[in-house]
Amino acid sequence: MTKKPSPIVGRHVIWFSWKLVITFSASLCVFALFRFHYQPADLSFSTPLTRIRYSHEEFHGRAKIAFLFLACRNLPLDFLWGSFFENADVANFSIYIHSAPGFVFDESTTRSHFFYGRQLSNSIQVLWGESSMIEAERLLLTAALEEPANQRFVLLSDSCVPLYNFSYIYNYVMASQRSFVDSFLDVKEGRYNPKMSPKIARKKWRKGSQWITLVRSHAEVIVDDEVFLSIFKRFCKRRPPVDASKGKLNIKLQKQHNCIPDEHYMPTLLVMHGLEGELERRTLTYTLWNQSATKMENKGWHPLTFTYGNAGPRNIKKIKDINHVYYAAESRAEWCRSNSTSVPCFLFARKFSLGAAMRLLSEGVVGRFDTAALLDAPP
């Protein structure tokens with residue numbers, strides 16, 4: 001006769017079985033977590049999508065300069081840039097244009113085939129002194145980063161001109177492993193908003209020209225940023241102009257911080273990432289500033305436009321001969337060097353009128369060009 005197991009023994013068996021199941025299940029969870037945590041970095045779910053796309057991959061081949069044009073609509077100096085690119089190897093450059101939404105560059109809107117179809121399809125409406133300027137620059141960088149061969153990124157306005165031929169500019173930019181970013185302490189009151197602290201400390205607040213030249217790793221930092229851009233959108237805003245219809249309200253409005261985002265965002269962001277030591281703290285684009293505030297109470301400094309009359313060889317040579325930049329806010333003279341070699345400070349200049357650009361071509365600054373061809377060319 002078979003002896004029935006004791007109820008106590010049965011309960012122990014059941015309890016032990018459940019213990020095995022629980023232990024085994026827990027082990028599976030730990031193993032799964034371990035495997036998930038140590039997945040190879042190249043799997044799509046291991047890092048955010050943008051960081052997969054813009055990872056620091058090794059590039060072997062001929063590096064390109066990405067020319068990023070920030071345009072209001074068309075490129076009025078396209079004929080000059082067309083001549084500039086005509087004397088270059090197409091394997092050495094890429095072109096990207098942020099223009100007004102919906103504007104297309106084709107044979108009816110530009111004189112140069114180099115710009116055909118080079119506009120961004122996701123462009124936005126840009127307003128001077130607003131964060132939309134930063135967003136447009138980031139869109140240009142994002143598009144250019146899609147091509148691994150793009151290893152340098154030059155931001156240009158629609159009134160910029162090159163001061164040298166393509167070969168000289170290419171060798172100059174590629175010879176340096178640093179970005180060229182105008183960056184200096186902003187000691188004047190009114191731009192920095194204390195509400196940015198502690199995310200952006202006052203001592204890390206920088207100012208500089210928006211016309212920058214970046215190495216790829218720094219371009220990635222700017223494109224990947226989400227934290228500091230949101231702070232700029234909230235606290236770095238242009239003070240509204242005086243409006244007579246608002247009466248006494250103007251007094252209150254004029255006490256607001258007058259922050260121009262594109263003059264602060266790039267240099268401040270790179271400082272916040274501890275990258276200031278990797279920069280040539282100067283821009284490659286020359287601007288002639290009107291520094292007189294006489295009878296300009298609401299205007300202050302503003303860039304002057306070069307015309308046919310003052311764009312002659314003598315004035316251009318003066319720009320080319322500049323070998324240092326002085327920053328009064330830091331009592332710092334930035335001597336222009338590349339790999340310890342003294343070089344001219346500027347490769348580009350702005351703002352140039354149509355007549356000034358025609359004179360540069362007729363003088364052979366960037367290449368030979370028959371200016372008579374402009375008479376029947378598209379606007």
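Mind ranking 218-226, 190-198 by how tightly packed they are, going by the mean number of other C-beta atoms within 10 angstrom, highest first?
Details: 218-226: 19.1, 190-198: 14.3.
Descending packing order for the listed peptides: 218-226, 190-198.
Suppose every Lys and Arg Cβ carries +1 and every Asp and Glu Cβ carries -1, with no other charges. What dipole size does the stretch 49-374 come out with about its Cα centre, to the nearest 20 debye?
Details: 43 positive and 32 negative charges, 306 e Å.
For this selection, approximately 1480 debye.
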### Message
Which of rounded, prolate or oblate describes the stretch 82-123 when judged by the alpha-carbon gyration tensor and an a/c cut-off of 1.5?
### Response
oblate
### Rough spin-label spacing in nm, given labels placed 7 Å along Cα→Cβ, for I124 and N290
3.1
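Once a ≥ b ≥ c are taken as the square roots of the eigenvalues of the Cα gyration tensor of the stretch 59-163, is the result rounded (a/c under 1.5), prolate (a/b larger than b/c) or oblate (a/b not larger than b/c)? Walk me through the intermediate numbers first.
On the way: a/c = 1.72, a/b = 1.18, b/c = 1.46.
Note, shape of the stretch 59-163 comes out oblate.
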### Query
Which ³J(HN,Hα) values in Hz, rounded to whole numbers, follow from the phi angles of the stretch 192-202 under the Karplus curve 6.51 cos²θ - 1.76 cosθ + 1.60, where θ = phi - 60° and Gly and Pro get x?
6, 9, x, 5, 6, 6, x, 4, 10, 6, 4
### Query
Which entries in K188/K233; K188/K351; K320/K351 show an alpha-carbon gap greater than 18 Å?
K188/K233; K188/K351
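All other residues with a Cβ under 15 Å from the Cβ of V154 taken together, and with Lys, Arg as +1 and Asp, Glu as -1, what is their net charge? The partial results should precede the final answer.
Working: positive: K64, R118, R152, R178, R216, R282, R350; negative: E137, E147, D158, D182, E280.
Counting the neighbours of V154, the net charge comes to +2.
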### Task
Taking H placed 1.01 Å from N in the peptide plane, check which residues at least 5 places from S94 or on another chain put their amide H under 5 Å from its amide H.
I65, A66, F67
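At a 10 angstrom cut-off on C-beta neighbours, averaged per residue, how do the peptides 61-74, 102-115, 259-272, 317-330 rank from highest to lowest? Could the numbers behind the result be given before it?
Details: 61-74: 19.4, 102-115: 16.4, 259-272: 22.9, 317-330: 12.5.
Sorting 61-74, 102-115, 259-272, 317-330 by mean packing, highest first, produces 259-272, 61-74, 102-115, 317-330.
Let me know the shape class of the stretch 49-374, please: from the alpha-carbon gyration tensor, a ≥ b ≥ c as square roots of the eigenvalues, rounded when a/c is under 1.5, otherwise prolate if a/b is greater than b/c, or oblate. Provide the component values of the computation, followed by the final result.
Values: a/c = 1.43, a/b = 1.24, b/c = 1.15.
Rounded, since a/c falls under 1.5.
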### Summary
The distance between the Cα centres of the stretch 308-336 and the stretch 91-125, in whole Å, is 31
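Here, each number is a calculation from the coordinates, and none is a lab measurement. Please read all numbers here as calculations on a predicted model, not as lab measurements. In this analysis, Cβ positions are derived from the backbone assuming ideal geometry, glycine residues included, and neighbour counts consider all displayed protein chains.
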